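Take a look at the structure below.
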Amino acid sequence: MAVITAAVLVSTLPLARLPGQLPDLPAAFWVMAGLATLVDARPFTPPGRRQSSAVFPSTCFTFAIMLGWGLAPAVAVQAVAVVVSSWRMRHAWWRAAFNIAQYALALSAAYAVSRLADLDRIGWFDVGVVAAAAAAWFLVKYGSVTVAVRLLFGGRWWVMFRQGLPFELLSIGALLLLSPVMLAAAQTSAALIPLALVPLYAVYRMARLSAEQEELSRLDPLTGLANRKGLLGDVADQLPAHAQRHAKGAADRHLALLVLDLDRFKHVNDALGHAVGDRLLVEVGGRLTGAVRPGDVVARLGGDEFAILAPRLTSVGDARDLALRVVAALAEPVALDGLPLDVSGSMGIAVYPAHGEDFATLLRHADVAMYDAKHRGDTITVYAPESDHNSPERLSLLADLRRALDGGSVSEYRQINMYYQPQVAIETGEVVGVEALLRWKHPRHGMVDPEELIKVAEQSAVMRLLTRRVVDDVVEQVAKWNAAGLNLRAALNVSVRDLHDGEIADQIADRLARYALPADRLQLEITEGALMADPRRVLATIARLDKIGVAIALDDFGTGYSSMQHLRRLPLAEVKVDRSFVLGMATDADDAAIVRSVIELAGALGLRVVAEGVEDERTWRLLHAAGCHVAQGWFYARPMPADELVTWLSRYRAVTPQRPEIGRHHRDS
């Protein structure tokens, strides 16, 4: 407020000389003054929602007055025009005062530059001076706005003004450069001045058409909701106000961005056609609009993805409550052509400023939360940093992984390798198979943790490249072993993304045929989490693999939430007891009870049981006593490259529970 007061005091200085000038001002001046006041009753509003960047036609008249009759009359007329426009637009008094001050400063700067020109005998040099004066007016005018926005909103001025600036530069430039033409006409006759209203109207129409086109570009043509660009504009409008509140310590006000992705929408398009799918999207948009609060913005980001911008929240709990209202609004089936269609989706929530201080970050984090909800089978998830697999470090790692999988240099390509860990029948000691495990030696970071590697890849298209590489390498290696007389079955892990896309079944069938490899030499391991993420699509892919003859194992059994119905319906060959239970079963009675229960359940379903994480003799014997079929772990061997596995097999001597002596010659040193 002190800055505004100082600016107002400075702006009043030119007016001190005004009373002495008034009697000498000609009729042309009074005509311009009257028109300046009249036209500002309806300013040009730029595209978007901000009134702060409205363009006032009085600029044309006051700039001409400044050129023809000096600074004081121009400032006085501009002040009157601002009062009229502020009254019409219901601005606060301090805002009107600030506008008067910034116009006075802009006119003062322009006047100082214009003194270099001879406007009585205007030539090319003088035209250049007038253009420079117009530039000075613009720079001072918007420089003062920039300073004010920085003081109020903590440096977010560029976010606010970058969308409207091109429009304002064009419109105001046209008004300022029309001024000397108007002045020249006024020196001939004051009656010519009203003719300037025609080009002003043309500028006004141009502004309106530009605004309408801009508005259309901010709307989704199908649903009539805001699109991604429109949502960006709304966020740009909202963030500065929230930044100001938080800067003043008002942390009880939040802004939330909710991202909703519909489940199984592709099935609607495939089964009923895109026309029905479009009608469903329109209905969903309507329900979302009805579920939100006044002032909330609903947008369609594209496809079956929607977003909700919710300002004025008091807590993250309010955002959850809003999300629950949206879920309830979608709960009722949508009736299209007499067919009731169930609508559901997964929703991610990101809150400003905790989860991001700009639109791009908020949207990315809400997207991460939405995919996290899908992965876990939840309906609503609030962003959590530990679930974000897209940190700058991970994105850099992902880029390196893509380069390596795309081919890259030969040395890079060889850094991604498959290691194999033996799986041994406990009763006989026979090596019945191996698990293929991915290893990546990064050129700079060394060996990348396998779990980190999968987290980096699984939420991107790189996962498809990685799966292709794994399938190709494993099938080729098993074919080589088969040709050498080693009848080993290889198990490899696949991700949720792989199982949602039936392409993996086609790829495996093609590779098996290429190497003339029996399908029972390959086994796929899926997790309970992958199964629960989208059971229908997963089951469809598994059914195709089972038809080919590829066995399916349920990995990490006991850590998820599989129902007995899913276990009964799945064409499984085995279940793998998670290592977290196996490692503790020798010392923890609860872990031992869980392992025994899993073995009994699998036996009742006719499934083979593999225990992973077997690291000592006592655990090995407990597993045998419980009826476990196969063991895998460092008790036998650690994972190793394919050539080392062949060497290990040549030295391996079967060890069975019936033999009391347990030597170390069969294990890795």
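The values are calculated or read from the model by the stated rules, or taken from the named source; none is laboratory data. Quantities reported herein were computed from a predicted structural model and do not represent experimental measurements. Note that each Cβ is placed from the backbone with ideal geometry, even for glycine, and that neighbours are counted across all protein chains shown. These area figures cover heavy atoms from the full protein model, side chains too; ligands, DNA and RNA do not enter into them. Shrake-Rupley method; radii C 1.70, N 1.55, O 1.52, S 1.80 Å.
Could you report the accessible area of V140 in Å², rounded to 10, computed with a 1.4 Å probe on the protein chains as they sit in the structure? Number for this one is 50 Å².
Our estimate of slack between A354 and L170, defined as 0.36 nm per intervening residue step minus the Cα-Cα distance, is 62.4 nm. Sorted largest first by accessible area at a 1.4 angstrom probe radius, with every protein chain in place, the residues R312, R618 fall in the order R618, R312. The accessible area of D546, taken with all protein chains in place and a 1.4 Å probe, comes to roughly 80 Å². For V334, neighbours were defined as the other residues whose beta-carbon sits under 10 Å from its Cβ, and their charges (Lys and Arg +1, Asp and Glu -1) total -1.
Ordered from highest to lowest accessible area with the whole protein assembly present and a 1.4 Å probe, Y420, Y371, Y201 read as Y201, Y371, Y420. Given a 1.4 Å probe and the protein chains as shown, F125 ends up with an accessible area of around 140 Å². Can you tell me which lysines have their Cα less than 24 Å from the Cα of K455? Leave out same-chain residues fewer than eight positions away. Output for K455: K374, K441, K576. Extents of segment 259-351, largest first, come to 43, 22, 19 Å (Cα atoms, principal axes, whole angstrom). Accessible surface ranking for D555, D270, 1.4 angstrom probe, highest first: D270, D555.
Taking all protein chains into account, the per residue accessible area for segment 488-529 stands at 34 Å² (1.4 Å probe).
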